[in-house]
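What follows is calculated from the coordinates using simple rules that are stated; it is not laboratory data. Remember, it's a predicted structure, so these values are computed and weren't measured experimentally. Here Cβ is always computed from backbone atoms with ideal geometry, including for glycine, and neighbour counts include all displayed protein chains.
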Amino acid sequence: MSQKKKQRLIIRTVILIILIAAVGYTLYASLTKDSRGKIAVGDHAPNFVLQDMNGHKYRLSDFKGKGVFLNFWGTWCEPCKAEMPYMVDLYKEYKKQGVEIIAVNVGESNFLVNKFIKNYSLNFPVLVDKSRDVQNAYGINPIPTSFFISPDGKVKHIVIKSMTRDDIQNLMESIKP
């Protein structure tokens with residue numbers, strides 16, 4: 001067998017393995033999606049414990065009695081980048097009124113998250129879900145996905161898209177204590 005034929009065989013084998021892995025993952029994701037969380041409006045928001053960049057632990061239950069804007073995002077997500085400045089501005093106003101913003105990054109490195117926090121001057125808790133347990137519990141796919149949680153812990157709104165400043169402000173108004 002010539003050298004070129006060996007190389008083609010190797011390349012075809014690698015491509016076949018990649019395709020089989022992709023099909024396998026797709027089947028796995030489809031078959032297990034029901035076992036992952038699926039939160040609906042009116043449900044109690046599942047509690048969780050995550051850390052910020054300084055190692056401080058946050059629990060959703062720590063914010064009982066407050067409205068919570070829970071945002072799942074990624075540093076690579078362009079719609080996420082677009083809404084962050086609105087969140088920074090509105091947090092200054094709504095924190096005083098009993099509404100918290102919690103931004104949950106889904107599985108990225110501390111380096112990327114810290115760089116993002118600095119670039120966007122984020123002034124609210126930024127937590128990292130490295131294991132993606134919280135992402136799965138909430139059934140997050142795609143990002144950005146945001147949950148607006150009332151002071152009694154129930155999910156009042158779920159938004160699966162990027163939001164404008166007015167969208168965020170109106171939804172934060174709806175969860176004020």
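Could you tell me how far the Cα centroid of region 139-155 sits from the Cα centroid of region 43-119, in Å? Cα centroid to Cα centroid, the span is 11 Å.
Using the Cα coordinates of region 44-87, the gyration tensor eigenvalues translate into equivalent-ellipsoid semi-axes of 22, 14, 10 Å, sorted from longest to shortest. Rounded to the nearest 5, the antiparallel percentage of DSSP beta bridges internal to region 62-159 is 45%. Amide H to amide H, with H built 1.01 Å from N, GLU100 comes under 5 Å of GLY67, VAL68, PHE69, counting only residues 5 or more places away or on other chains. Work out the FRET efficiency for GLU173 and ALA82 from their Cβ-Cβ distance, taking R0 = 25 Å, and round it to the nearest 0.05. About 0.75, to the nearest 0.05. Summed over qualifying helices (DSSP H, 4 residues or more, each -39500 (n - 2.57)) and divided by its residue number, the chain shows a 222 nm mean residue ellipticity of -13500 deg cm²/dmol. Between the amide H of HIS157 and those of PHE148, distances stay under 5 Å, these residues lying 5 or more places away or on another chain, with hydrogens modeled in the peptide plane. Modelled spin labels at SER61 and VAL49, positioned 7 Å past Cα toward Cβ, are 1.0 nm from each other. In this label model, THR13 and ALA40 are separated by 5.1 nm, measuring between points 7 Å along each Cα→Cβ vector. Within straight cross-link reach of LYS38, meaning Cα distance under 19 Å, which lysines are found once same-chain residues fewer than 8 apart are removed? Of all the lysines, those that pass the test against LYS38 - Cα under 19 Å, at least 8 places apart if same chain - are LYS154, LYS156, LYS161. Using θ = phi - 60° in the Karplus curve 6.51 cos²θ - 1.76 cosθ + 1.60, the 3J(HN,Hα) couplings for region 100-108 round to 9, 10, 10, 9, 10, 7, 9, x, 9 Hz; x is entered for Gly and Pro. Computed from phi, the 3J(HN,Hα) profile of region 16-26 under the Karplus parametrisation 6.51, -1.76, 1.60 (θ = phi - 60°) reads 4, 5, 4, 5, 5, 5, 5, 5, x, 4, 4 Hz, with x in place of Gly and Pro.
Using a cutoff of 8 angstrom between alpha carbon atoms and counting only pairs six or more residues apart, the relative contact order for the chain works out to 29 percent. Counting only DSSP beta bridges whose two residues both lie in the chain, roughly 60 percent are antiparallel.
Against the chain, whose longest principal axis is taken from its Cα atoms, helix 78-94 shows a tilt of about 20°. Converting phi to 3J(HN,Hα) with the Karplus coefficients 6.51, -1.76 and 1.60 and the offset θ = phi - 60°, region 48-60 yields 8, 10, 9, 10, 8, 5, 9, x, 6, 8, 10, 10, 4 Hz in sequence order, with x at every glycine or proline.
When you count the other C-beta atoms within 10 angstrom of each residue and take the mean per peptide, 5-11, 76-82, 140-146 line up highest first as 140-146, 76-82, 5-11. Using only alpha carbons, the chain has a radius of gyration to Kirkwood radius ratio (Rg to Rh) of 1.12.
Amide H contacts of LEU127 (H built 1.01 Å from N, in plane; Pro and chain starts excluded): ALA103, VAL104, ASN105 sit under 5 Å, all sequence-distant by 5 or more or on other chains.
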